[in-house]
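Right, one structure below, let's go through it.
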């Protein structure tokens, strides 16, 4: 009987884990669907596409779609790996949030380090890893206590507190404000860090939400 119970729990956890992964991939579909639009297809030179097809065995559009799908699937696998690293069972939780930051600085030496945290109703799990090293292992860190500079520290605190207080709609508002400012009065501003926020709630109609911010939103809020 114990073996049957264990098997049922394992299967349930696996299914919910797959649902999370599928929800993330589904949320990111637009990143490759843009290449399927008529407006994009019109930008492809037919002669160049024909040559591309001869050399690579597939057209330029098909290659872009395939590569983007692969990138998103690898990203979804990495997020699942991070959750499993901390032995977090999604079957035991109604919701969780994942924060992950990456450098936007393209100057040498490039920084491939990623840092972040998983927030649940009663725990915070900080992590870091590097995309620049093969077989880079996940490491535990105190994410909210280690910051590169005061601006990034404040950005982390604002995001973390809003998540823990259940005020995630404010994050959507900040993201829209930041986007408008980048398109207008602050178009010359160059953020150094992108922060991806994944909000998962299996009881919500929208099980997964994605929000993207930059450390510069702190400067915007302080104006």
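The values are calculated or read from the model by the stated rules, or taken from the named source; none is laboratory data. The shown structure was predicted, so the numbers you read here are calculated from the model rather than taken from an experiment. Neighbour counts are summed over all protein chains in view; Cβ atoms, including those assigned to glycine, are modelled from backbone coordinates with ideal geometry.
Test each condition in (1) closer than 20 Å to residue 27 by Cα; (2) surrounded by 12 or more Cβ atoms within 10 Å (Cβ to Cβ); (3) out of contact with any strand residue (DSSP E or B) (no Cβ under 6 Å at 6 or more places or on another chain) for residue 213 and report the one that comes out false.
(3)
Any chance the range 161-181 includes a residue that's part of a strand (DSSP E or B) and under 20 Å from the mean Cα position of the chain (by Cα)?
Looking for residues that are part of a strand (DSSP E or B) and under 20 Å from the mean Cα position of the chain (by Cα), one finds none in the range 161-181, hence no.
Select, from 105, 153, the only residue that is without any contact (Cβ under 8 Å) to a residue 24 or more places away in the chain and either in the same structural domain as residue 222 (by TED's automatic domain parsing) or within 26 Å of residue 167 (Cβ to Cβ) (or both).
153
Of the residues 125, 129, which single one is more than 30 Å from residue 222 (Cα to Cα), part of a strand (DSSP E or B), within 18 Å of the chain's Cα centre (by Cα) and not assigned by TED's automatic domain parsing to the domain that holds residue 33? Write out each step before concluding.
Values: 125 fails: more than 30 Å from residue 222 (Cα to Cα).
From the options 125, 129, the qualifying one is 129.
Out of the range 108-122, which residues are outside any strand (DSSP E or B) and either more than 18 Å from residue 24 (Cβ to Cβ) or not assigned by TED's automatic domain parsing to the domain that holds residue 198 (or both)? Lay out the reasoning, then the answer.
Step one: list which residues in the range 108-122 are outside any strand (DSSP E or B), which gives 108-112, 120-122.
Within the range 108-122, 108, 109, 110, 111, 112, 121, 122 meet the criteria.
Please enumerate the residues belonging to the range 63-101 that are part of a strand (DSSP E or B) and within 17 Å of residue 127 (Cβ to Cβ).
96, 97, 98, 99, 100, 101
If you go through the range 133-160 one residue at a time, how many are in a helix (DSSP H, G or I), surrounded by 12 or more Cβ atoms within 10 Å (Cβ to Cβ) and more than 19 Å from the chain's Cα centre (by Cα)?
Here the count works out to 3.
Quick check: is even one residue across the range 70-80 in the same structural domain as residue 35 (by TED's automatic domain parsing) and farther than 20 Å from residue 197 by Cβ?
Yes: one or more hits.
Within the set of pairs 6+ apart or on separate chains, which have a first residue in the range 158-186 that is farther than 13 Å from residue 212 by Cα, a second that is surrounded by 12 or more Cβ atoms within 10 Å (Cβ to Cβ), and C-beta atoms under 6 Å apart?
Note: pairs meeting the criteria are 160/144; 162/170; 162/171; 163/97; 163/119; 181/220.
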